[in-house]
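Worksheet for the structure shown next.
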Amino acid sequence: MQTCLLCSRIIKQTLTFSEFFLLKNKRNLICNKCQSLFKKIPNERCPRCSKSNSKGICADCLRWEEKGIIVNHQAIFIYNQEMKDYFSLYKFMGDYRLHEVFDSYFKNLSKKIPLVPIPVSPKRLQERGFNQVTAFLKDRTYLDLLEKEDTVSQSSLNREGRLSTTNPFKLKEGEKIPKKIILIDDIYTTGTTFYHAIKTLKKANPIEITTFSLCR
Ligand SMILES: [Zn+2]
Ligand SMILES: [Zn+2]
C-alpha cells in the first residue's frame, strides 16, 4: 500500500489500460489533494521574472534594472506555504524521492540550449546527500559549469549582511562555456543567487543567459 509522501494519506493507484498494458505506469508519490495545493503562476505575472499577480514589471525587477540587469526569468509554480512544506521535506529532511513530483517540468526545457544548474556547496551536498536541482534534471543532460563555496546561510544574517554577501560562485576549471545557456534553480526569491552566478559566467565570457526555476 502506497501512502502520500507529504501527508501520509493512502493513495489509490489507478492505472489506465495502456499504462497497465505498456507497464509505463509512473507511481504517484503524493496524493491528489496535496498535488492540488500546488498553484501554477497565473498569466497575470511580471513579464520579466514571472512574479504572480504583478501588473507590469515588478519592483524587484526594477531594482535589478537600476543595477544594470534586465531579468529574463521563467517559473511555473507559486512559492506558497504548501510548496515551502514540500521543499522542507525535500531539501532539509533530504527526502530524495520527492524530486519525482516535479521532474517532468524540467523534461520540457529547451533541448537546444544547454542547461546549467546552480550548484550547492560541498558542505551542503554532504549534509543533504544530493543537489536538489540536478535531481530534478536527472533525465536531462546538463553542464556543470559552476562551483559554490560554503558561506554563512542567508537566514542567519541581518539585512545589511544579506545585501553585502560576497559572490559564492566560481567557474569550474577547464570547462568550455557555450554562447547561450539556461541557468536552473529550484526557487527564485530575491534573484541574488542568479545575479552572482550570471556575474561569474559573464566575467569569463559575454554569453547570453536566461534563467528558470520551478517556483517564484
Ligand atoms: Zn497527500
Ligand atoms: Zn519581476
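Of the helices (runs of 4 or more DSSP H) lying entirely inside the stretch 27-120, the ones with 2 or more residues being over 17 Å from ASP185 (Cβ atoms) and of a type in the set (D, E, K, R) are found at 59-66, 81-87. Residues that are closer than 22 Å to ILE41 by Cβ, open to solvent by less than 70 Å² (accessible area, probe 1.4 Å) and modelled with pLDDT of 90 or more number at least 1 in the following strands (runs of 3 or more DSSP E) confined to the stretch 136-216: 180-187, 208-215.
Within the stretch 96-103, can one find any residue that is farther than 24 Å from VAL120 by Cβ and modelled with pLDDT under 95?
Taking the stretch 96-103 as the starting set, the residues that turn out to be farther than 24 Å from VAL120 by Cβ are none.
The answer is no, given that none of the residues of the stretch 96-103 is farther than 24 Å from VAL120 by Cβ and modelled with pLDDT under 95.
Here is a check on your reading of the model: is ILE113 surrounded by fewer than 17 Cβ atoms within 10 Å (Cβ to Cβ), away from ligand 1 (no atom under 16 Å from the Cβ) and among the β-branched types (Val, Ile, Thr)? Considered against the rule, which asks whether it is surrounded by fewer than 17 Cβ atoms within 10 Å (Cβ to Cβ), away from ligand 1 (no atom under 16 Å from the Cβ) and among the β-branched types (Val, Ile, Thr), ILE113 comes out as yes.
Residue pairs whose Cβ atoms lie under 6 Å apart, sitting 6 or more positions apart in sequence or on different chains, and linking a residue in the stretch 192-214 that is under 22 Å from MET83 (Cβ atoms) to a partner that is part of a helix (DSSP H, G or I), are THR211/PHE194. When restricted to residues that are open to solvent by 40 Å² or more (accessible area, probe 1.4 Å), near ligand 2 (Cβ under 9 Å from one of its atoms) and either within 22 Å of LYS199 (Cβ to Cβ) or touching a residue at least 24 places away in the same chain (Cβ under 8 Å) (or both), the stretch 46-71 contains 5.
The values are calculated or read from the model by the stated rules, or taken from the named source; none is laboratory data. Predicted model, so just to flag it, every value in this text is computed and none were measured. For neighbour counting, all protein chains shown are included, and Cβ atoms are generated from backbone atoms with ideal geometry for every residue, glycine included. Calculation scope for accessible area: heavy atoms of the full protein, side chains included, ligands and nucleic acids excluded. Shrake-Rupley method; radii C 1.70, N 1.55, O 1.52, S 1.80 Å.
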